[in-house]
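One structure below.
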Amino acid sequence: MTDSSRPLRFDLIAFDWDGTLYDSTRLIVRCIQAAVIDVGGAKPSENDAAWVIGLGLAEALARAAPDVPKEKYAELGARYRYHYLQHQDDLVLFDGVLQMIDALRARGHKLAVATGKSRRGLNEALKTVALRDRFDASRTADETFGKPHPRMLLELMEELEVPAERTLMIGDTTHDLQLALNAGCASVGVSYGAHEPESFDALKPLFIAHSVASLEAWLLDNA
C-alpha cells in the first residue's frame, strides 16, 4: 500500500503525450507511412516510423523519409496531418491514466506535458480527452525546440518554479529520456509505447514501467 503522507521526492512530473498517456503509437506509424507514400517516398518500416515519434513533426518526417526532397516537406506534413485527422477521434488514453493523474494531483505534485506535438494538436487532444484542467503547464515542439533539446523542460521548470533535481520526466522513447538528461532531470521510461525498453538502459531511467498501473504504483511509492 502506498503512503500518501510521505514527503514528495519530485515536485514536478512532466509527461510525454503520444505513447505515454495517449494510445496513439500505431496510428502515428501508419500515418507517417501513408504520408511518405503519398509524396512518392519509399514506405518506412514500422520500426523506422516508430523511432521518430516524439521528435517535432518536421524533423520526424524528414528522418522517416530520407529520400523525399526538402521541397516536398510541406506537402509531406500536410499529408500526415490529413491522415491523422481522419482517425484522431478514435484515439483514447491508456487505461488508468485519468486515475493516475488524479492520484498524483491529490498528492500535491505539479503536472506538465512535454511533447513533440504541435500546440494545436495538443490542445485538440486535451480537449478530446478532458485533460486540459489536470495539467499545470505544457510545452510543444513548435513553441520551443524538439526533443531531445532541453528547452521545453527547462521552460516548464522555470514557469512552475521547480529545480531540475525536483523534476521527473516520463516518456516512451529515448528522445524523452535524453531530454531529461539534457535538462539535468531524472526520468522514468514506459515500455508500452514507441521504443523498445532495451534502448533505455544507457539513459539511466529510475524505473521502466510495463503498464500504467505499474507506473502509478511506482510513482506513488517513489515520487
> Are any residues in segment 208-222 surrounded by fewer than 20 Cβ atoms within 10 Å (Cβ to Cβ) and under 21 Å from residue 181 (Cα atoms), and if so, which ones?
Replying inline: 208, 218, 222
>> Please determine whether any residue of segment 194-207 is in the same structural domain as residue 151 (by TED's automatic domain parsing) and in contact (Cβ under 8 Å) with a residue 40 or more places away in the chain.
In response: yes
> residue 129 fails exactly one of the following numbered conditions: (1) over 19 Å from residue 54 (Cα atoms); (2) in contact with a strand residue (DSSP E or B) (Cβ under 7 Å, 6 or more places away or on another chain); (3) modelled with pLDDT of 95 or more. What is the number of that condition?
Replying inline: (3)
> Residue check, residue 193 against (1) modelled with pLDDT under 95; (2) assigned to a helix (DSSP H, G or I); (3) surrounded by 17 or more Cβ atoms within 10 Å (Cβ to Cβ), all met but one. Which one?
Replying inline: (2)
>> Name the residue that is modelled with the lowest pLDDT, counting only residues in segment 11-45 that are under 30 Å from residue 186 (Cβ atoms) and of a type in the set (Asp, Glu).
In response: 23
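This table checks each residue for (1) under 20 Å from residue 97 (Cβ atoms); (2) in a helix (DSSP H, G or I).
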| position | (1), (2) |
| --- | --- |
| 146 | no, no |
| 152 | no, yes |
| 156 | yes, yes |
| 187 | yes, no |
| 218 | yes, yes |
| 221 | yes, yes |
> Among the listed residues 67, 3, which satisfies the condition of being at pLDDT 85 or above, surrounded by fewer than 18 Cβ atoms within 10 Å (Cβ to Cβ) and either under 13 Å from residue 117 (Cβ atoms) or not β-branched (Val, Ile, Thr) (or both)?
Replying inline: 67
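The values are calculated or read from the model by the stated rules, or taken from the named source; none is laboratory data. As the structure is a prediction and not an experimental result, all values here were calculated from the model. FYI the Cβ positions are ideal-geometry reconstructions off the backbone, even for glycines, and counts take in every protein chain you see.
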